[in-house]
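These notes are about the structure you will find just below.
The values are calculated or read from the model by the stated rules, or taken from the named source; none is laboratory data. Because the structure is a prediction, the values reported are computed rather than measured. Glycine also receives a Cβ, built like all others from the backbone with ideal geometry; neighbour counts cover every protein chain displayed. Accessible surface is based on the protein model in full, side chains and every heavy atom, while ligands, DNA and RNA are left aside. Shrake-Rupley method; radii C 1.70, N 1.55, O 1.52, S 1.80 Å.
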Amino acid sequence: EPGCPGCEVVPLYVVGPPAFVGAEMPAGSRSQEPPGSPSTSPQSTPSLSTQEAVGSSSRSRSAGAFVVVAAIGLVSIALILSTFPKRDATTLPEGSSAIPATAQEVAAGFLEAFGAFDAERAVTYLADDADLSGLIGSVPAGLPGTPESVRSLTSWLEAERFSQALDPCEPDPLALETTVRCPFEFHALGSYEIGRGPYRGSYYEVTVRDGKVVRAVTHWDFAKFSPQMWEPFDRWVSTAFPNDVAVMYTTVSHSQPRLTEESIRLWQQRSRGYLKHEIPKVVGIAERFLRARNAYDAGKAMSMLADDGARVRLMHNNRMTSMMGSIRLDRHELALALEAERLYGVRYGSFACRSNDDPVHTGEARIECSYLMDSTLRQIAGLPPKQSSFAVQVHNGRITSLSFPWLNLSFPGNEPAEGWRFEQWLEAEHPEAGGPMEPGTIFRTQGQEMMLILTGDSLDHLADYLAEYERVPSA
(Lines give C-alpha, C1' and ligand atoms only; values in the text may rest on other atoms or scores of the structure.)
Protein backbone atom coordinates (compact mmCIF):
# COMPACT_ATOMS: atom_id res chain seq x y z
CA GLU A 1 0.00 0.00 0.00
CA PRO A 2 1.42 3.45 -0.85
CA GLY A 3 2.86 5.15 2.18
CA CYS A 4 3.54 1.87 4.03
CA PRO A 5 7.17 1.97 5.30
CA GLY A 6 9.14 -1.08 4.23
CA CYS A 7 6.25 -2.61 2.27
CA GLU A 8 8.33 -2.79 -0.89
CA VAL A 9 10.71 -5.29 0.76
CA VAL A 10 8.08 -7.53 2.37
CA PRO A 11 7.49 -10.65 0.26
CA LEU A 12 3.96 -11.52 -0.82
CA TYR A 13 3.01 -15.06 0.18
CA VAL A 14 0.15 -16.65 -1.75
CA VAL A 15 -1.46 -19.30 0.43
CA GLY A 16 -3.51 -22.02 -1.27
CA PRO A 17 -3.71 -25.77 -1.91
CA PRO A 18 -0.56 -27.30 -3.47
CA ALA A 19 -0.69 -28.16 -7.16
CA PHE A 20 -0.69 -31.85 -8.00
CA VAL A 21 2.88 -32.98 -8.49
CA GLY A 22 3.57 -33.38 -12.17
CA ALA A 23 0.56 -31.30 -13.23
CA GLU A 24 0.92 -28.73 -16.02
CA MET A 25 -0.95 -25.46 -16.51
CA PRO A 26 -3.26 -25.51 -19.55
CA ALA A 27 -1.75 -23.93 -22.63
CA GLY A 28 -2.37 -20.18 -22.82
CA SER A 29 -3.29 -19.88 -19.13
CA ARG A 30 0.04 -18.50 -17.91
CA SER A 31 -0.29 -14.94 -16.72
CA GLN A 32 2.17 -12.23 -17.63
CA GLU A 33 3.68 -10.64 -14.53
CA PRO A 34 4.99 -7.07 -14.53
CA PRO A 35 8.74 -6.73 -14.05
CA GLY A 36 9.75 -6.89 -10.40
CA SER A 37 6.43 -8.30 -9.13
CA PRO A 38 6.26 -11.40 -6.93
CA SER A 39 5.99 -14.35 -9.30
CA THR A 40 3.22 -16.89 -8.84
CA SER A 41 3.12 -18.24 -12.40
CA PRO A 42 4.22 -21.78 -13.36
CA GLN A 43 6.99 -20.24 -15.45
CA SER A 44 8.96 -19.73 -12.24
CA THR A 45 8.84 -23.48 -11.38
CA PRO A 46 10.86 -26.28 -12.98
CA SER A 47 9.44 -27.93 -16.10
CA LEU A 48 7.74 -31.32 -15.95
CA SER A 49 10.80 -33.25 -17.06
CA THR A 50 13.00 -31.53 -14.49
CA GLN A 51 10.55 -32.37 -11.69
CA GLU A 52 10.53 -36.02 -12.71
CA ALA A 53 14.35 -36.12 -12.63
CA VAL A 54 14.53 -34.65 -9.13
CA GLY A 55 12.69 -37.57 -7.52
CA SER A 56 10.58 -38.15 -4.48
CA SER A 57 12.97 -36.64 -1.91
CA SER A 58 12.75 -33.29 -3.69
CA ARG A 59 8.99 -33.61 -3.61
CA SER A 60 9.17 -34.09 0.17
CA ARG A 61 11.35 -31.02 0.54
CA SER A 62 8.96 -29.06 -1.68
CA ALA A 63 5.99 -30.18 0.38
CA GLY A 64 7.78 -29.20 3.56
CA ALA A 65 8.68 -25.84 2.10
CA PHE A 66 5.03 -25.30 1.17
CA VAL A 67 3.94 -26.02 4.74
CA VAL A 68 6.42 -23.43 6.02
CA VAL A 69 5.27 -20.85 3.45
CA ALA A 70 1.63 -21.56 4.29
CA ALA A 71 2.33 -21.15 8.00
CA ILE A 72 4.16 -17.88 7.41
CA GLY A 73 1.27 -16.67 5.23
CA LEU A 74 -1.36 -17.53 7.81
CA VAL A 75 0.61 -15.83 10.56
CA SER A 76 0.97 -12.76 8.32
CA ILE A 77 -2.77 -12.68 7.70
CA ALA A 78 -3.44 -13.04 11.43
CA LEU A 79 -1.08 -10.14 12.17
CA ILE A 80 -2.72 -7.96 9.52
CA LEU A 81 -6.24 -8.70 10.73
CA SER A 82 -5.22 -8.03 14.32
CA THR A 83 -4.40 -4.43 13.35
CA PHE A 84 -7.92 -3.74 12.01
CA PRO A 85 -10.15 -1.69 14.38
CA LYS A 86 -12.56 -3.88 16.34
CA ARG A 87 -16.23 -3.38 15.48
CA ASP A 88 -19.12 -3.48 17.88
CA ALA A 89 -21.54 -6.17 16.71
CA THR A 90 -25.10 -7.23 17.35
CA THR A 91 -25.72 -10.25 19.54
CA LEU A 92 -26.74 -13.10 17.26
CA PRO A 93 -29.08 -15.98 18.09
CA GLU A 94 -27.26 -19.18 18.95
CA GLY A 95 -26.35 -21.07 15.81
CA SER A 96 -26.94 -18.04 13.54
CA SER A 97 -24.56 -17.63 10.61
CA ALA A 98 -25.54 -14.02 9.78
CA ILE A 99 -22.82 -11.37 9.65
CA PRO A 100 -23.20 -9.10 12.71
CA ALA A 101 -24.01 -5.44 12.11
CA THR A 102 -21.55 -2.79 13.21
CA ALA A 103 -22.53 0.08 15.49
CA GLN A 104 -22.36 2.38 12.46
CA GLU A 105 -24.81 0.19 10.55
CA VAL A 106 -27.22 -0.03 13.49
CA ALA A 107 -27.14 3.75 13.98
CA ALA A 108 -27.55 4.46 10.26
CA GLY A 109 -30.48 2.03 10.00
CA PHE A 110 -32.25 3.68 12.92
CA LEU A 111 -31.64 7.22 11.66
CA GLU A 112 -32.73 6.41 8.11
CA ALA A 113 -36.02 5.01 9.41
CA PHE A 114 -36.38 7.96 11.81
CA GLY A 115 -35.78 10.49 9.02
CA ALA A 116 -38.27 8.68 6.77
CA PHE A 117 -40.91 8.97 9.58
CA ASP A 118 -41.14 5.17 9.73
CA ALA A 119 -41.70 4.74 13.47
CA GLU A 120 -42.42 1.02 13.29
CA ARG A 121 -39.13 0.26 11.56
CA ALA A 122 -37.15 2.70 13.73
CA VAL A 123 -38.30 1.07 16.97
CA THR A 124 -36.88 -2.31 15.87
CA TYR A 125 -33.39 -0.84 16.35
CA LEU A 126 -34.05 0.30 19.93
CA ALA A 127 -33.27 -1.34 23.26
CA ASP A 128 -36.21 -1.64 25.65
CA ASP A 129 -34.78 1.07 27.92
CA ALA A 130 -33.58 3.39 25.13
CA ASP A 131 -33.44 7.10 25.98
CA LEU A 132 -34.66 9.29 23.11
CA SER A 133 -35.15 12.52 25.01
CA GLY A 134 -32.17 14.11 23.26
CA LEU A 135 -33.59 13.68 19.75
CA ILE A 136 -35.88 16.68 20.23
CA GLY A 137 -34.99 18.86 23.18
CA SER A 138 -38.51 19.61 24.36
CA VAL A 139 -39.54 16.10 25.41
CA PRO A 140 -39.27 14.84 29.00
CA ALA A 141 -35.93 13.42 30.08
CA GLY A 142 -35.65 9.68 29.65
CA LEU A 143 -38.38 9.38 27.01
CA PRO A 144 -38.57 5.61 26.37
CA GLY A 145 -37.97 4.11 22.97
CA THR A 146 -41.50 2.81 22.60
CA PRO A 147 -43.47 2.90 19.33
CA GLU A 148 -45.70 5.63 20.81
CA SER A 149 -42.73 7.83 21.70
CA VAL A 150 -41.03 7.36 18.34
CA ARG A 151 -44.31 8.00 16.56
CA SER A 152 -44.71 11.34 18.37
CA LEU A 153 -41.21 12.40 17.38
CA THR A 154 -41.52 11.41 13.73
CA SER A 155 -45.05 12.82 13.43
CA TRP A 156 -43.85 16.26 14.50
CA LEU A 157 -40.90 16.14 12.10
CA GLU A 158 -43.20 15.19 9.24
CA ALA A 159 -45.66 17.94 10.21
CA GLU A 160 -42.94 20.59 10.03
CA ARG A 161 -41.80 19.26 6.62
CA PHE A 162 -38.44 17.99 7.84
CA SER A 163 -36.05 16.18 5.50
CA GLN A 164 -32.45 15.11 6.02
CA ALA A 165 -29.43 13.86 4.10
CA LEU A 166 -27.19 11.65 6.24
CA ASP A 167 -23.43 11.40 5.94
CA PRO A 168 -21.69 8.14 6.96
CA CYS A 169 -21.58 7.47 10.71
CA GLU A 170 -18.15 7.41 12.35
CA PRO A 171 -17.05 6.18 15.79
CA ASP A 172 -16.66 8.86 18.45
CA PRO A 173 -13.12 8.35 19.84
CA LEU A 174 -13.89 10.37 22.99
CA ALA A 175 -16.95 8.38 24.01
CA LEU A 176 -16.71 5.91 26.90
CA GLU A 177 -19.29 3.61 25.30
CA THR A 178 -19.75 2.48 21.70
CA THR A 179 -20.98 5.77 20.36
CA VAL A 180 -21.05 6.92 16.74
CA ARG A 181 -21.47 10.38 15.29
CA CYS A 182 -23.63 10.78 12.18
CA PRO A 183 -23.48 14.23 10.48
CA PHE A 184 -26.45 15.40 8.44
CA GLU A 185 -27.88 18.39 6.62
CA PHE A 186 -31.56 19.20 6.73
CA HIS A 187 -34.51 21.18 5.47
CA ALA A 188 -37.50 22.11 7.63
CA LEU A 189 -40.67 24.20 7.43
CA GLY A 190 -40.49 23.79 3.63
CA SER A 191 -37.21 25.71 3.39
CA TYR A 192 -36.31 24.18 0.00
CA GLU A 193 -39.60 25.47 -1.49
CA ILE A 194 -38.68 29.08 -0.77
CA GLY A 195 -35.00 28.84 -1.70
CA ARG A 196 -33.41 28.33 1.71
CA GLY A 197 -30.99 25.73 3.08
CA PRO A 198 -29.87 23.03 3.21
CA TYR A 199 -28.62 23.61 6.73
CA ARG A 200 -25.33 21.91 7.58
CA GLY A 201 -23.31 21.36 10.75
CA SER A 202 -25.75 19.20 12.76
CA TYR A 203 -25.07 15.63 13.82
CA TYR A 204 -26.62 12.71 15.68
CA GLU A 205 -24.81 10.99 18.52
CA VAL A 206 -26.01 7.40 18.88
CA THR A 207 -24.90 4.91 21.54
CA VAL A 208 -25.17 1.22 20.61
CA ARG A 209 -24.96 -1.70 23.04
CA ASP A 210 -25.41 -5.35 22.07
CA GLY A 211 -26.59 -4.31 18.62
CA LYS A 212 -29.37 -2.01 19.91
CA VAL A 213 -29.63 1.77 20.22
CA VAL A 214 -29.69 2.72 23.91
CA ARG A 215 -29.39 6.48 23.52
CA ALA A 216 -29.73 9.05 20.74
CA VAL A 217 -29.05 12.79 20.87
CA THR A 218 -29.30 15.45 18.17
CA HIS A 219 -26.75 18.25 18.18
CA TRP A 220 -28.43 20.93 16.09
CA ASP A 221 -26.66 23.75 14.30
CA PHE A 222 -29.32 26.44 14.04
CA ALA A 223 -26.96 29.33 13.22
CA LYS A 224 -28.57 29.91 9.81
CA PHE A 225 -31.83 27.99 10.16
CA SER A 226 -33.07 30.02 13.12
CA PRO A 227 -32.90 33.52 11.54
CA GLN A 228 -33.94 32.29 8.08
CA MET A 229 -36.81 29.92 8.95
CA TRP A 230 -37.65 29.31 12.63
CA GLU A 231 -37.90 32.93 13.77
CA PRO A 232 -39.81 34.24 10.71
CA PHE A 233 -42.24 31.32 11.03
CA ASP A 234 -42.71 32.06 14.74
CA ARG A 235 -43.40 35.75 14.04
CA TRP A 236 -45.93 34.84 11.34
CA VAL A 237 -47.78 32.36 13.58
CA SER A 238 -47.74 34.78 16.54
CA THR A 239 -49.27 37.51 14.36
CA ALA A 240 -51.70 35.51 12.24
CA PHE A 241 -52.72 32.85 14.81
CA PRO A 242 -51.88 34.13 18.31
CA ASN A 243 -54.16 31.60 20.03
CA ASP A 244 -52.16 28.70 18.55
CA VAL A 245 -48.87 29.69 20.16
CA ALA A 246 -49.52 28.14 23.58
CA VAL A 247 -50.57 24.88 21.94
CA MET A 248 -47.61 24.63 19.55
CA TYR A 249 -44.73 25.65 21.87
CA THR A 250 -43.68 24.65 25.39
CA THR A 251 -41.58 27.71 26.25
CA VAL A 252 -42.13 31.46 26.34
CA SER A 253 -39.20 31.86 23.94
CA HIS A 254 -40.94 29.56 21.43
CA SER A 255 -37.74 27.57 21.08
CA GLN A 256 -39.24 24.11 21.61
CA PRO A 257 -42.30 22.41 20.11
CA ARG A 258 -45.01 20.68 22.10
CA LEU A 259 -45.51 17.03 21.09
CA THR A 260 -49.24 16.49 21.45
CA GLU A 261 -51.75 15.44 18.81
CA GLU A 262 -53.34 18.89 18.78
CA SER A 263 -49.95 20.59 18.50
CA ILE A 264 -48.76 18.33 15.69
CA ARG A 265 -52.00 18.98 13.78
CA LEU A 266 -51.43 22.74 14.09
CA TRP A 267 -47.76 22.45 13.05
CA GLN A 268 -48.86 20.70 9.87
CA GLN A 269 -51.51 23.32 9.08
CA ARG A 270 -49.40 26.36 9.91
CA SER A 271 -46.29 25.16 8.05
CA ARG A 272 -48.45 24.81 4.93
CA GLY A 273 -49.95 28.23 5.53
CA TYR A 274 -46.53 29.81 5.99
CA LEU A 275 -45.38 28.47 2.62
CA LYS A 276 -48.49 29.88 0.92
CA HIS A 277 -47.54 33.21 2.48
CA GLU A 278 -43.86 33.05 1.42
CA ILE A 279 -43.88 31.33 -2.01
CA PRO A 280 -45.40 34.33 -3.85
CA LYS A 281 -42.38 36.38 -2.72
CA VAL A 282 -40.03 33.93 -4.44
CA VAL A 283 -42.20 33.75 -7.56
CA GLY A 284 -42.12 37.54 -7.59
CA ILE A 285 -38.32 37.47 -7.94
CA ALA A 286 -38.62 35.46 -11.18
CA GLU A 287 -41.37 37.75 -12.49
CA ARG A 288 -39.37 40.93 -11.77
CA PHE A 289 -36.38 39.34 -13.47
CA LEU A 290 -38.37 38.71 -16.66
CA ARG A 291 -39.77 42.24 -16.60
CA ALA A 292 -36.22 43.61 -16.36
CA ARG A 293 -35.15 41.43 -19.30
CA ASN A 294 -38.07 42.63 -21.39
CA ALA A 295 -37.12 46.22 -20.62
CA TYR A 296 -33.44 45.47 -21.41
CA ASP A 297 -32.63 46.83 -17.95
CA ALA A 298 -29.38 44.92 -17.48
CA GLY A 299 -28.54 46.69 -14.22
CA LYS A 300 -31.77 45.64 -12.54
CA ALA A 301 -31.55 42.11 -13.92
CA MET A 302 -27.96 41.75 -12.71
CA SER A 303 -28.95 42.88 -9.21
CA MET A 304 -31.12 39.76 -8.91
CA LEU A 305 -28.40 37.29 -9.90
CA ALA A 306 -26.17 35.45 -7.43
CA ASP A 307 -22.77 36.95 -6.67
CA ASP A 308 -20.90 33.91 -8.01
CA GLY A 309 -22.77 33.72 -11.32
CA ALA A 310 -25.41 31.23 -12.39
CA ARG A 311 -26.03 27.96 -14.20
CA VAL A 312 -27.56 28.42 -17.65
CA ARG A 313 -29.70 25.52 -18.78
CA LEU A 314 -29.46 25.02 -22.55
CA MET A 315 -32.67 24.64 -24.55
CA HIS A 316 -33.47 22.68 -27.70
CA ASN A 317 -35.58 24.45 -30.32
CA ASN A 318 -36.64 27.04 -27.73
CA ARG A 319 -37.84 24.31 -25.32
CA MET A 320 -36.59 22.73 -22.12
CA THR A 321 -35.72 19.04 -22.52
CA SER A 322 -34.01 16.50 -20.29
CA MET A 323 -31.41 15.87 -23.03
CA MET A 324 -29.82 19.29 -22.71
CA GLY A 325 -27.15 20.10 -20.15
CA SER A 326 -26.09 23.37 -18.64
CA ILE A 327 -23.11 25.70 -18.57
CA ARG A 328 -21.95 28.06 -15.86
CA LEU A 329 -21.51 31.76 -16.55
CA ASP A 330 -19.83 34.27 -14.27
CA ARG A 331 -21.36 37.70 -13.74
CA HIS A 332 -19.33 39.29 -16.55
CA GLU A 333 -20.56 36.66 -19.01
CA LEU A 334 -24.13 37.04 -17.75
CA ALA A 335 -23.98 40.78 -18.38
CA LEU A 336 -22.80 40.08 -21.94
CA ALA A 337 -25.63 37.54 -22.40
CA LEU A 338 -28.19 40.17 -21.36
CA GLU A 339 -26.66 42.56 -23.93
CA ALA A 340 -26.86 39.86 -26.63
CA GLU A 341 -30.53 39.37 -25.72
CA ARG A 342 -31.08 43.09 -26.39
CA LEU A 343 -29.27 42.84 -29.74
CA TYR A 344 -31.49 39.91 -30.77
CA GLY A 345 -34.57 41.88 -29.73
CA VAL A 346 -35.90 39.04 -27.58
CA ARG A 347 -39.17 39.59 -25.69
CA TYR A 348 -41.02 37.29 -23.30
CA GLY A 349 -44.66 38.22 -23.76
CA SER A 350 -47.65 37.23 -21.60
CA PHE A 351 -45.40 35.46 -19.12
CA ALA A 352 -46.71 33.73 -16.01
CA CYS A 353 -44.62 32.09 -13.29
CA ARG A 354 -45.53 29.50 -10.67
CA SER A 355 -43.74 27.49 -8.00
CA ASN A 356 -42.64 23.92 -8.61
CA ASP A 357 -42.61 22.16 -5.22
CA ASP A 358 -40.53 19.14 -6.25
CA PRO A 359 -37.96 18.62 -3.45
CA VAL A 360 -34.53 20.02 -4.36
CA HIS A 361 -32.10 19.33 -1.52
CA THR A 362 -29.76 22.06 -2.78
CA GLY A 363 -32.24 24.55 -1.34
CA GLU A 364 -33.04 26.22 -4.65
CA ALA A 365 -36.67 27.13 -5.18
CA ARG A 366 -37.71 26.15 -8.70
CA ILE A 367 -39.99 28.59 -10.52
CA GLU A 368 -41.52 27.62 -13.88
CA CYS A 369 -42.21 30.56 -16.21
CA SER A 370 -44.26 30.22 -19.41
CA TYR A 371 -44.26 32.93 -22.09
CA LEU A 372 -44.67 33.85 -25.77
CA MET A 373 -41.16 34.41 -27.13
CA ASP A 374 -40.57 36.84 -29.98
CA SER A 375 -37.34 38.20 -31.46
CA THR A 376 -35.95 40.13 -34.40
CA LEU A 377 -34.82 36.86 -36.01
CA ARG A 378 -38.35 35.39 -35.79
CA GLN A 379 -39.85 38.53 -37.26
CA ILE A 380 -37.39 38.54 -40.21
CA ALA A 381 -38.17 34.85 -40.80
CA GLY A 382 -41.91 35.58 -40.75
CA LEU A 383 -42.47 33.35 -37.71
CA PRO A 384 -45.07 34.21 -35.03
CA PRO A 385 -44.21 34.36 -31.31
CA LYS A 386 -43.66 30.89 -29.88
CA GLN A 387 -45.23 29.50 -26.71
CA SER A 388 -42.55 28.05 -24.43
CA SER A 389 -41.28 27.94 -20.85
CA PHE A 390 -38.13 27.68 -18.79
CA ALA A 391 -37.19 27.36 -15.14
CA VAL A 392 -35.66 29.98 -12.89
CA GLN A 393 -34.11 28.80 -9.62
CA VAL A 394 -33.74 31.01 -6.57
CA HIS A 395 -31.58 30.56 -3.46
CA ASN A 396 -31.45 33.01 -0.57
CA GLY A 397 -33.33 35.57 -2.62
CA ARG A 398 -30.99 35.53 -5.64
CA ILE A 399 -31.28 33.77 -9.00
CA THR A 400 -28.89 30.84 -9.38
CA SER A 401 -30.19 29.19 -12.57
CA LEU A 402 -31.87 30.51 -15.73
CA SER A 403 -32.04 30.05 -19.51
CA PHE A 404 -31.41 32.02 -22.70
CA PRO A 405 -33.40 30.28 -25.51
CA TRP A 406 -31.37 31.95 -28.29
CA LEU A 407 -27.91 31.10 -26.86
CA ASN A 408 -27.37 27.86 -28.83
CA LEU A 409 -28.25 26.40 -32.24
CA SER A 410 -28.59 22.60 -32.57
CA PHE A 411 -27.24 20.56 -35.47
CA PRO A 412 -27.74 18.44 -37.52
CA GLY A 413 -31.42 19.16 -36.76
CA ASN A 414 -30.82 22.84 -37.60
CA GLU A 415 -33.04 24.24 -34.85
CA PRO A 416 -34.49 26.68 -34.00
CA ALA A 417 -35.56 27.71 -37.49
CA GLU A 418 -34.99 31.45 -37.07
CA GLY A 419 -31.46 30.92 -35.77
CA TRP A 420 -30.49 28.60 -38.61
CA ARG A 421 -31.78 30.97 -41.29
CA PHE A 422 -29.49 33.58 -39.80
CA GLU A 423 -26.60 31.10 -39.69
CA GLN A 424 -27.13 30.10 -43.36
CA TRP A 425 -27.06 33.76 -44.36
CA LEU A 426 -23.85 34.22 -42.34
CA GLU A 427 -22.30 31.17 -44.02
CA ALA A 428 -22.92 32.75 -47.41
CA GLU A 429 -22.06 36.34 -46.56
CA HIS A 430 -19.72 36.10 -43.56
CA PRO A 431 -18.19 32.61 -43.27
CA GLU A 432 -15.74 33.97 -40.72
CA ALA A 433 -18.64 34.06 -38.23
CA GLY A 434 -18.29 30.30 -37.70
CA GLY A 435 -20.39 27.21 -38.26
CA PRO A 436 -20.79 23.60 -37.10
CA MET A 437 -17.34 22.37 -35.96
CA GLU A 438 -15.81 25.60 -37.30
CA PRO A 439 -15.14 28.27 -34.65
CA GLY A 440 -15.45 31.85 -35.81
CA THR A 441 -15.99 35.40 -34.71
CA ILE A 442 -19.35 34.81 -32.98
CA PHE A 443 -19.91 31.02 -32.80
CA ARG A 444 -18.06 28.09 -31.25
CA THR A 445 -19.04 24.41 -31.19
CA GLN A 446 -19.86 22.50 -28.02
CA GLY A 447 -21.01 18.94 -28.69
CA GLN A 448 -23.84 19.25 -31.20
CA GLU A 449 -24.53 22.86 -30.34
CA MET A 450 -23.28 26.09 -31.88
CA MET A 451 -22.83 28.45 -28.95
CA LEU A 452 -22.75 32.24 -29.14
CA ILE A 453 -19.35 33.46 -27.92
CA LEU A 454 -19.85 35.86 -25.01
CA THR A 455 -17.06 38.42 -25.37
CA GLY A 456 -17.12 42.13 -26.14
CA ASP A 457 -15.55 41.61 -29.59
CA SER A 458 -18.03 38.84 -30.44
CA LEU A 459 -20.99 41.04 -29.56
CA ASP A 460 -19.58 43.88 -31.67
CA HIS A 461 -19.48 41.50 -34.65
CA LEU A 462 -23.00 40.25 -33.83
CA ALA A 463 -24.37 43.81 -33.82
CA ASP A 464 -22.83 44.48 -37.26
CA TYR A 465 -24.10 41.19 -38.74
CA LEU A 466 -27.64 41.75 -37.40
CA ALA A 467 -27.79 45.30 -38.75
CA GLU A 468 -26.83 44.03 -42.21
CA TYR A 469 -29.19 41.03 -41.96
CA GLU A 470 -32.16 43.29 -41.21
CA ARG A 471 -31.46 45.32 -44.37
CA VAL A 472 -31.70 42.27 -46.68
CA PRO A 473 -35.35 41.82 -47.75
CA SER A 474 -34.77 38.29 -49.00
CA ALA A 475 -32.97 37.12 -45.86
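By the rule of a C-alpha distance below 13 Å, with chain neighbours fewer than 8 residues away ignored, the aspartates and glutamates paired with Lys224 are Glu185. Take every Cα-Cα pair in the range 376-419 and report what % of them are more than 11 Å apart. Percentage above 11 Å: 74.
Annotation: the range 260-390 has a Kirkwood hydrodynamic radius of 16.9 angstrom, from the mean reciprocal C-alpha pair distance. Principal axis analysis of the Cα atoms in the range 178-290 yields extents of 57, 37, 21 Å, listed in decreasing size.
Considering every Cα-Cα pair within the range 338-475, what fraction, in whole percent, is farther apart than 17 Å? Show your work: numbers first, answer last.
Values: 6023 of 9453 pairs.
Cα-Cα pairs in the range 338-475 separated by more than 17 Å: 64 percent.
Counting only protein heavy atoms and a 1.4 Å probe, the range 269-316 has 44 square angstrom of accessible area per residue.
Using mean Cβ contacts within 10 Å as the protection proxy, how do 233-244, 271-282 order, highest first?
Working: 233-244: 14.2, 271-282: 16.7.
Per-residue mean Cβ counts within 10 Å order the peptides as 271-282, 233-244.
For the Cα trace of the range 164-233, dividing Rg by the Kirkwood Rh returns an Rg/Rh value of 1.08. Per the Cα gyration tensor, the range 401-475 maps to an equivalent ellipsoid with semi-axes of 18, 15, 13 Å, ordered largest to smallest.
Scanning residues 5 or more positions from Gly134 or on other chains, those with amide H under 5 Å from its amide H are Ala216, with H placed 1.01 Å from N in the peptide plane.
Straight-line cross-link reach from Lys300 at under 17 Å between alpha-carbon atoms covers these aspartates and glutamates, not counting any fewer than eight positions away in the same chain: Glu287, Asp308, Asp330, Glu333, Glu339, Glu341. Remark: C-alpha extents of the range 192-249 on the principal axes read 50, 28, 19 Å, sorted largest to smallest. Can you send over the carbon and sulfur percentage of the accessible area for the range 350-475, probe radius 1.4 Å, protein chains only? The computed percentage sits at 49.
I'd like the GluC sites (Glu not before Pro) in the range 142-215 restricted to DSSP loop residues with at most 12 other Cβ atoms within 10 Å, sorted by number.
Working: sites: Glu148, Glu158, Glu160, Glu177, Glu185, Glu193, Glu205; in loops: Glu160, Glu177.
Sites meeting the loop and neighbour criteria: Glu177.
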